[in-house]
1. If you average over every viewing direction, what projected area does the convex hull of the Cα atoms of the range 27-76 give, in nm²?
2. How large is the convex hull of the Cα atoms of the range 197-300 per residue, expressed in Å³ as a whole number?
3. Tell me, what are the semi-axes, in whole angstrom and largest first, of the equivalent ellipsoid of the range 85-191 as set by the roots of 5 times the Cα gyration tensor eigenvalues?
4. Translational diffusion coefficient of the range 75-338 at 25 °C, 0.890 mPa s, Stokes-Einstein with Kirkwood Rh over Cα pairs, in µm²/s as a whole number.
5. Please tell me the relative contact order of the range 280-320 in percent, rounded to the nearest whole number, where contacts are Cα pairs under 8 Å and at least six residues apart.
6. Can you give me the span-like helices of the chain, meaning DSSP H runs with 30 Å or more of Cα extent along the axis and Kyte-Doolittle mean at or above 1.6?
7. Principal axis extents for the range 338-380, Cα atoms only, whole Å, descending order, please.
8. Got the relative contact order for the chain handy, in percent, Cα pairs under 8 Å and 6 or more residues apart?
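What follows is calculated from the coordinates using simple rules that are stated; it is not laboratory data. Because the structure is a prediction, the values reported are computed rather than measured. A quick note on method: Cβ atoms are made from the backbone with ideal geometry, for glycine too, and the neighbour counts reach across all protein chains shown.
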Amino acid sequence: MLKNLFFILIILSAAKIQGQTQEEKINTLVHAYTHMDRFNGSILVAEKGKIIFEKSFGIQDFQTKIKNTNQNIYRIYSTTKTFTATTALLLNEEGKLSLNDKLSKYYPDFPKGDSITIENLITHTSGIPNDTGPENTKNEAVFMKSISQQPFVFSPGKGWGYSNSNYYILGYIITKVSGMPYPKAIQHYILDPLGMKNTGFGFKDLKDKNKTTGYEYLSPHNSREAVVYDYDHPHAAGAMYSTVEDLYKFEQGIKAYKILKKETLKKAQTPFKTYDFGYGWHRQIIKGKTTIGHDGAGPGFISRFLTIPDEDISVIVLSNNRDNSVFEITDKIIAILAGETYDLPKKVNIGTKYEKDLTGLYQAKNSSFYILANDNVMNFKETNEAEGILFTESDTKFYINNPVGDRIYFEFKPDSNGKNTVLNIVIKDKIVKEAKKIDDHFLWGVIGSATPNGWNGPDIKLVPGGKNKDILEARNIPLKSGQIKFRGNNEWTLDLGINDNNQLVQYGRNINVEAGTYDIIFDTTNPIRPTYQVIKKK
């Protein structure tokens, strides 16, 4: 009798899920991720000109605990490129520039400038490398001098390579031909005509109650704010901010040909040659559906701006936490709209004991893995490869969902002493990489122009100064006038600079020092929010 009742309950539960509306299914899906503390942001879904789902989740700011709302403002990073490309295409329609213009027309001394067209810049076929560090993007003169000295990735027009540099240059050209600064050109040609009042530039200095704080790490009990870049970085490649509702206005306005002519828009959204990118628009096949749009990701924020033109569907997801689950959630929303199957994530606790056991530096044949488990969140970074937050299947088995392939498992195995010191990366039950733990802590050092070895290293090693292995130091270190950063394991996979509050953050700014002899102290007692002291000795 009890057995039969059990099966009846399962059937009734399944029937309830099947009977949900699309809105209810999306709500259930996103709540599953927020229950695991894996989504923080706003979502808007529309079909045939009608919004069928709009809701916000999580917090706007960790300190105040104010909740996100549908009016919240987020950085959209590379989604900016769609606005930049659209403006360039509109200027082409007005005859103020031509897609066939040579780069040499605007920058006569640029290498191979006679072989690079504006079309090459928009479609990422210029061969100009993606080299846009903050130090080299302070203004047009600094950037153009820096990028002109870099070798080409391929000959102009002979390949494809995503490069923010292309769009920096496009922004400068837009300024030249429009007769107004790049941000004002975007305002004039797109934002004002479409009534996008909550979209713009200068996020760092924005004073608005709806402005969100961006996090590179966010859990129930811990957080680390992301660095907030100035406008000049990332400029026309990713400096904009917006809301889900404003981005929907943009999509609706574009679709109604309020900005570009029909034939221009069709060209923009059609993949260029054999590549998946058009003129500022990216084609992705998700759950069998052809989507057009542009993602954006950077310190503290992720944006997904997608449309399914054949079905008049819009999916917009903005997050103020750089968590890769944003991509999964978006893909599963599209699965719901397509009537496809999808799974709900399950919350599994790692356990405090295992968090400490698993955290550390692991060495593989050609790369290192930085594993940090804290507050039931498992982060990883791999040398010159991927980074992200893993889902937990068990105390020693974790995974990340690869959107273009099979699930990737991180399996921790015990050595002969029973400690979990072997990390296997497994795909389809096959070990594709094996790494062994070389230290329970990350190996930290100091690098920079102020150090004797300069930016090429090796780093000044930081070591425990006493019994507490979490407090590292280097004493009586001679430094020149210049800059420094903290770096893990003598490589650029894990490095920390400072934000505007002098806190250490990933992708942060360099730390300025004057010439002298210093004691350097690096405290990782809280691994999420390490602190430092650079003490000049008398």
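1. Mean projected area for the range 27-76: 4.2 nm², to one decimal.
2. Normalising the Cα hull of the range 197-300 by residue number yields 155 Å³.
3. Semi-axes, largest first: 21, 16, 12 Å.
4. Diffusion coefficient, whole number: 130 µm²/s.
5. RCO, the range 280-320: 29 percent.
6. What comes out of the filter, once short or polar helices are dropped, is none.
7. Extents along the principal axes: 43, 29, 11 Å.
8. 12 percent
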